[in-house]
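**Student:** Here you go, one structure.
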Amino acid sequence: MAILVTGSAGFIGSNFVLDWLAGSDEPVINLDKLTYAGNLENLASLKDNPNHIFVHGDIGDVKLVSELLEKYQPRAVVNFAAESHVDRSIHGPEDFIQTNILGTFHLLEAVRAYWQKLPSPVHGGRIEGITKADFRFLHVSTDEVYGSLTKDEPAFTETHRYEPNSPYSASKASSDHLVRAWHHTYGLPVLTTNCSNNYGPYHFPEKLIPLLIVNALAGKSLPVYGDGQQIRDWLYVKDHCSAIRCVLEKGKLGEVYNVGGWNEKANLDIVHIVCDLLDELRPMKMVSGEVVSGESKIVSGESEVVSGESKIVSGESKIVSGKSEVVSGQTRHSPLTTDHSPLSTDHSPLSTDHSPLSTYRSLITFVTDRPGHDRRYAIDARKIERELGWKPAETFETGIRKTVQWYLDNQDWVNNVLSGNYRQWVEKQYGE
Ligand code: NAD
Ligand code: TYD
């Protein structure tokens, strides 16, 4: 037997494949288009593993997918492949429509043709290989399809109405509907999971948590959209992977399972937690009048030092980081070339208990809010616990510590990821 996993050179897919092959000898056929978000370095440890078969290709390529299904006869397809970044979907929605909607449609069609040809189980008889009844198509989706909650509304259940607000969530909502329809109309044995925000190893630093870690270590500003009070429900990526394995094994056909860690936090709290952990694990050190942090170098006293693209000068408490400037506890910004120009705000990065040059919190910069920014997501994960017995293993405290430590221990991975393509994105989004 084997499974076909799509999008598994990305953040969650690669964690899923690594965990799968750490616990099983069942081969994984890994189909990935290797967009900017796909990174084979995530799977480098599988280089000599004969149970990992990587195929470079598109889920929308029906011919290729059909050939793979015929050749490897997988008992399941797990579909991670997607364009996944909300901000990119705002700048350019087309790829999202192409992969998340049309790609899923083509994938479903190839899988349906394969599944329809599988033998039916015979009572008392013996069939070599898998039968129609064994097969599963598991579609990995997001809580963002449910829209935005107010502060006091109950968390999303599986029956919450769909109200997607961004091009990303609308395209994922469309794919969920297609998956549902292929079950209802053709009987395709599908399962859908809708998960909250993930964090952990191999997370591409365009998303909040890895961006904070990478920027902080480089002495760059930590951009907080709007007032930073938007709430997300965070789950450690390995827990998402264990939930998917659980749904694949025990989930009821046609059902949807919400996956979450009961861990709602405001963005600004996340920023503070990451900064405080870095203060503990990689403090900015005073070395003869200089503050040195990782690869960045920040000088205090009357001298001035450039760290990456940011410049921090103490004494007068003047911090120039990227294109924003903080003077004596007040944020002042120079205009940006993008629509994400930093805002004037009374949330001063220096108005903390911490001395500006002893903490990464001094790098916090409030910037213009994301258009249509969803205020709050929260997952009610009772169904998967009640019906399938799944619960997350990590608390946010243990998971975020592991994550920060992973980025500290894997600077080479980070440096390789910060390629020309990544720099173009940062320029476009933050004007740095
Ligand atoms: P990611 O952007 O890190 O990875 C996506 C992967 O899909 C990349 O390897 C990319 O090369 C590949 N891909 C893109 N288009 C493809 C195509 N047409 N054919 C084949 N491969 C293609 O995304 P992620 O964060 O790992 O998310 C994986 C899935 O989980 C997505 O479907 C996403 O919607 C969902 N999800 C993500 C989160 C999260 O917090 N990251 C939360 C809930 C659900
Ligand atoms: P993100 O990691 O992009 O995930 P999503 O938009 O899918 O929830 O963003 C998480 C939250 O952090 C979201 O409310 C937007 C916010 N955010 C910032 O404040 N600054 C940033 O630079 C980024 C990338 C995100």
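**Student:** Of the residues that make up segment 148-156, is at least one touching a residue at least 60 places away in the same chain (Cβ under 8 Å), within 16 Å of ligand 1 (Cβ to nearest atom), assigned to a strand (DSSP E or B) and crowded, with 20+ Cβ neighbours inside 10 Å?
**Tutor:** yes
**Student:** Among the residues of segment 131-147, which ones are of a type in the set (D, E, K, R) and in a loop (DSSP other than H, G, I, E, B)? Steps first, please.
**Tutor:** Going residue by residue through segment 131-147, those that are of a type in the set (D, E, K, R) are 132, 134, 136, 143-144.
Within segment 131-147, LYS132, ASP134 meet the criteria.
**Student:** I'm checking my understanding of the structure. Among residues of segment 235-271 that are among the charged types (D, E, K, R) and assigned to a loop (DSSP other than H, G, I, E, B), which one is farthest from ligand 1 (Cβ to nearest atom)? Even if it seems obvious, please write down each step before you answer.
**Tutor:** So in segment 235-271, the residues among the charged types (D, E, K, R) come out as 238-239, 245, 249-250, 252, 255, 264-265, 269.
From the residues that got through so far, the ones that are assigned to a loop (DSSP other than H, G, I, E, B) too are 252, 255.
Details: LYS252: 20, GLU255: 17 Å.
Taking the candidates together, the pick is LYS252.
**Student:** Right, here's the next one. Restricting attention to segment 406-432, which residues are surrounded by 15 or more Cβ atoms within 10 Å (Cβ to Cβ) and part of a helix (DSSP H, G or I)?
**Tutor:** Initially, segment 406-432 is screened for residues surrounded by 15 or more Cβ atoms within 10 Å (Cβ to Cβ), giving 406-408, 410, 413-414, 417, 422, 425-426, 428-432.
Those that are surrounded by 15 or more Cβ atoms within 10 Å (Cβ to Cβ) and part of a helix (DSSP H, G or I): TRP406, TYR407, LEU408, TRP413, VAL414, VAL417, TYR422, TRP425, VAL426, LYS428, GLN429, TYR430.
**Student:** Examine segment 13-30 for a residue that is part of a helix (DSSP H, G or I), within 16 Å of ASN100 (Cα to Cα) and at pLDDT 95 or above, and state whether such a residue exists.
**Tutor:** Yes, segment 13-30 contains at least one residue that is part of a helix (DSSP H, G or I), within 16 Å of ASN100 (Cα to Cα) and at pLDDT 95 or above.
**Student:** Is it true that some residue in segment 35-57 is in a strand (DSSP E or B) and buried (at least 23 other Cβ atoms within 10 Å of the Cβ)?
**Tutor:** No, because not a single residue in segment 35-57 is in a strand (DSSP E or B) and buried (at least 23 other Cβ atoms within 10 Å of the Cβ).
**Student:** In segment 418-432, what count of residues is obtained for those that are small (Gly, Ala, Ser) and closer than 21 Å to THR368 by Cβ?
**Tutor:** 1
**Student:** How about segment 224-269: which of its residues are of a type in the set (Gly, Ala, Ser) and either buried (at least 21 other Cβ atoms within 10 Å of the Cβ) or within 12 Å of ligand 2 (Cβ to nearest atom) (or both)? Write out each step before concluding.
**Tutor:** Taking segment 224-269 first, the residues of a type in the set (Gly, Ala, Ser) are 226, 228, 242-243, 251, 254, 260-261, 266.
Listed by number, the residues that qualify are GLY226, GLY228, ALA243, GLY251, GLY260, GLY261, ALA266.
**Student:** OK, next. With more than 16 Å from ligand 1 (Cβ to nearest atom) and among the charged types (D, E, K, R) as the only criterion, which of ARG180, ARG136 stands out?
**Tutor:** Values: ARG180 fails: more than 16 Å from ligand 1 (Cβ to nearest atom).
Exactly one of ARG180, ARG136 is more than 16 Å from ligand 1 (Cβ to nearest atom) and among the charged types (D, E, K, R), namely ARG136.
**Student:** How do the helices (runs of 4 or more DSSP H) wholly within segment 59-121 filter down when requiring 2 or more residues that are closer than 27 Å to PHE204 by Cα and more than 16 Å from ligand 2 (Cβ to nearest atom): which remain?
**Tutor:** 104-117
**Student:** Separate question: Just give me the residues in segment 187-206 being closer than 25 Å to THR157 by Cα and within 10 Å of ligand 1 (Cβ to nearest atom), in sequence order.
**Tutor:** THR193, ASN194, CYS195, SER196, ASN197, ASN198, TYR199, GLY200
The values are calculated or read from the model by the stated rules, or taken from the named source; none is laboratory data. Only a predicted model underlies this, so the values are computations on that prediction, with no experimental measurement involved. Quick reminder, even Gly has a Cβ in these numbers, built from the backbone with ideal geometry, and neighbours come from all protein chains shown.
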